[in-house]
Every structure is written in structure tokens, then in C-alpha cells.
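Colleague: First the structure, which I've put down as C-alpha cells, then a few questions once you've had a look.
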Amino acid sequence: MILRFRKIVIAIGAVFWLAGLSSAQDRCTEAGSIRSVKNTSIGRFEYVVFDVIRPNEPTYTVETRRPPFTDYPGEETYKIKGNKFKVIVFRSVNWMCDSRQRFRLPGQAIRGIRNLYAFEGISEYVVGYRSRSRYVGTYHYDVGSIRKVVMKFRK
């Protein structure tokens, strides 16, 4: 009786484990995936770097916004540190994966970074920075199979 109960529990556990594997999100290996997001500092500048897997070359736009910042359906409001804010919106990306995020915050200029949402091929990030700092611009370059999209801020 106990042996039969153990077999049933193991079978149920295996079903849940396999169901979890099949529904696990992509590890950001497909073209168009934002593989990682990180911030760094070099000299008088701080950067937010997005690694996007090529050959898909998603478009992106950068705009100035003011709080409140909400998720896609507008149900949850996020508090982002900083006095000024830039939002980068990527289009035509693989939005079903979990990108690695490595932030060292707060920096001198950059105070907060947050993914607001990823849905239907669009991924949106907000970067909060201090009012004495200045947003310099956004550019991109290719390194092998990775397109690096870089937001640059003066400290």
C-alpha cells in the first residue's frame, strides 16, 4: 500500500516537473532576443548596454517620459529612482524570453533601470538618472552575432 502511494506521488511529481519544463521561457537564444541588459561606467560616462541577438535587427526609439510608469495593462505602477527618465522601446523583438539583467545601482548618473513590459514583440525599459547628469545619446554596433544597443549618460 505504501509502495503504491509512493509510486503515485512520484508519477504526479514527474508530471508537474515535465509540465514546468515545457512551459519554461526561452533562454534568449533566438534571433531578435534581448540576451542581456547591464550598466557600466567608464571615465566620465555611464552606459546601459542591451545585447540583442542578430540577424534580426529590431528597431528602437528613445523618448523622455515622466512618472508614473506602469506595466502593459496599467495594473501595476513602478517607482523608478531618478529625477529624469529616458524610455527605450524595442520593436520586433523576441519578447518571450528572460534576459539576464546585471545592474550595479545606483551609479553616479544612472539611478534606476526597469523593464516595464515585454509583450507582442515590444519590450520597454525605463532608465532613471539624476538631474545634474545629461543623456548624451543612443547608438548601436555589432560584435559577431550580437548587436549592442548603448544608452550613454554623462556623470
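Computed from the coordinates by the stated procedures, all read-outs in this text should not be read as laboratory data. Here the structure is a predicted model, which means the values were calculated and not measured. When we count neighbours, we look across all protein chains shown, and the Cβ atoms used for this are built from the backbone with ideal geometry, even at glycine.
Colleague: Of the options G43, Q101, G128, report the single residue whose Cα projects farthest towards the positive end of the charge dipole of segment 25-155 (beta-carbon charges: Lys, Arg +1; Asp, Glu -1).
Modeller: G43
Colleague: On full extension of the chain, what length is gained from S36 through R54, given 0.36 nm per residue of separation minus the C-alpha to C-alpha distance?
Modeller: Length gained between S36 and R54: 5.2 nm.
Colleague: Ok, one more. Under a Cβ-only charge scheme (Lys and Arg +1, Asp and Glu -1), can you give me the dipole magnitude of segment 82-149 about the Cα centre, in debye to the nearest 20?
Modeller: For segment 82-149, the charge dipole is close to 500 debye.
Colleague: Let me ask you something else. Say each of T64 and R154 gets a label point 7 Å from the Cα, pointing the same way as Cα to Cβ; how far apart are those two points in nm?
Modeller: 1.5 nm
Colleague: How do I53, I110, I146 rank when sorted from fewest to most other Cβ atoms within 10 Å of their own Cβ?
Modeller: Fewest to most other Cβ atoms nearby, the residues stand as I146, I53, I110.
Colleague: Additional query: Give me, ordered by chain and number, the residues 5 or more places off F69 or on other chains with an amide H under 5 Å from its own placed amide H.
Modeller: Under 5 Å from the amide H of F69: Y78.
Colleague: What order do you get for S133, S123 when you list them from fewest to most C-beta neighbours inside 10 Å?
Modeller: The order, fewest Cβ neighbours first, is S133, S123.
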